1. Can you find even one residue in segment 69-80 that is in contact with a helix residue (DSSP H, G or I) (Cβ under 9 Å, 6 or more places away or on another chain), within 22 Å of Ala49 (Cβ to Cβ) and of a type in the set (S, T, N, Q)?
2. Here is a list of conditions, (1) farther than 14 Å from Ser50 by Cα; (2) open to solvent by less than 90 Å² (accessible area, probe 1.4 Å); (3) under 12 Å from the mean Cα position of the chain (by Cα); (4) free of Cβ contacts under 8 Å to residues at least 40 places away in the same chain, and Ser164 meets all of them except one; can you say which number that is?
3. Which one of the conditions (1) over 17 Å from the mean Cα position of the chain (by Cα); (2) open to solvent by less than 20 Å² (accessible area, probe 1.4 Å); (3) under 16 Å from Ser50 (Cβ atoms); (4) of a type in the set (A, V, I, L, M) does Leu99 fail to meet, given that it meets all the rest?
4. Among the numbered criteria (1) under 15 Å from Thr39 (Cβ atoms); (2) at pLDDT 95 or above, which single criterion is violated by Pro147?
5. Which numbered condition trips up Asn173, out of (1) among the polar types (S, T, N, Q); (2) open to solvent by 60 Å² or more (accessible area, probe 1.4 Å); (3) in contact with a Pro (Cβ under 8 Å, 6 or more places away or on another chain)?
6. Could you tell me whether any residue of segment 127-145 is in contact (Cβ under 8 Å) with a residue 12 or more places away in the chain, open to solvent by 60 Å² or more (accessible area, probe 1.4 Å), among the hydrophobic types (A, V, I, L, M, F, W, C) and closer than 17 Å to Phe92 by Cα?
7. Select, from Asp84, Asp106, the only residue that is under 19 Å from Ala49 (Cα atoms) and part of a loop (DSSP other than H, G, I, E, B).
8. On the basis of being modelled with pLDDT of 95 or more and either surrounded by 13 or more Cβ atoms within 10 Å (Cβ to Cβ) or of a type in the set (Val, Ile, Thr) (or both), does Ile78 make the cut?
Amino acid sequence: MLPLYCMPPPYAPYRANAPVSNTECLTNPLQPPLDAYDTNLNTALPLIASSIQGERDDELFYDDLIRLAPSQADKDIIASIRNDERRHRQWFRYIYYCLTGQQVPDAIDESYQPTASYLEGLEKALFGELSAVEKYRRIYFTVGPEPFRNIIFEILTDELKHASKYNFLYAKNK
């Protein structure tokens, strides 16, 4: 029997461009790498650990942006994003502990450099949030148990929301 991802729905009127055989379905070059979606804690745990530090770095960076922000409205938007990053860090710590029974030690990175200008900082923040979405999507696919996937999904959608807010701030201040 074919895996469900190769089974066409019986009601699909769009089948004209779909694979015509089971072999073509399994070898279709447009098919995503299905092993990338397997639960794999050996992949998820290092990503979660690095995300904990990444959220801390973002928090420090956003504190700098708040200091550079030209208006109270901008400061409030960035502060709300920073507060979300703090919550994300706690959630990643919780997930890591639940999966391993161990705490992730805080890494101290002395190479942190404050941003020089507000607009450069907004651009860096925007692309940082989008990069986080890609990383968190990988965690989502590999972390396993549904309660953890739900938390990761909330974090991932927060990062998308943050990117939209940074895009707004950048356009407003350019």
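The values are calculated or read from the model by the stated rules, or taken from the named source; none is laboratory data. Note that the structure is a prediction, hence the values are computed from the model and not measured. Because the Cβ atoms are built from the backbone with ideal geometry, glycine has one as well, and the counts that use them run over all protein chains shown. Areas reflect the complete protein model, heavy atoms only, side chains present, ligands, DNA and RNA absent. Shrake-Rupley method; radii C 1.70, N 1.55, O 1.52, S 1.80 Å.
1. Scanning segment 69-80, I find no residue that is in contact with a helix residue (DSSP H, G or I) (Cβ under 9 Å, 6 or more places away or on another chain), within 22 Å of Ala49 (Cβ to Cβ) and of a type in the set (S, T, N, Q), so the answer is no.
2. Unmet for Ser164, out of (1) farther than 14 Å from Ser50 by Cα; (2) open to solvent by less than 90 Å² (accessible area, probe 1.4 Å); (3) under 12 Å from the mean Cα position of the chain (by Cα); (4) free of Cβ contacts under 8 Å to residues at least 40 places away in the same chain: (3).
3. Looking at each condition in turn, Leu99 falls short on (2).
4. Condition (2) is where Pro147 drops out.
5. Looking at each condition in turn, Asn173 falls short on (2).
6. Filtering segment 127-145 down to residues in contact (Cβ under 8 Å) with a residue 12 or more places away in the chain leaves 128-130, 132-133, 135-144.
Now narrow it down to the ones that are open to solvent by 60 Å² or more (accessible area, probe 1.4 Å): 130, 135, 137-138.
Among the residues that remain, those that are also among the hydrophobic types (A, V, I, L, M, F, W, C) are: 130.
Checking the rest, the ones that are also closer than 17 Å to Phe92 by Cα come to none.
No.
7. So the residue among Asp84, Asp106 that is under 19 Å from Ala49 (Cα atoms) and part of a loop (DSSP other than H, G, I, E, B) is Asp106.
8. On the way: modelled with pLDDT of 95 or more: yes; either surrounded by 13 or more Cβ atoms within 10 Å (Cβ to Cβ) or of a type in the set (Val, Ile, Thr) (or both): yes.
Judged against the criteria, Ile78 is a match.
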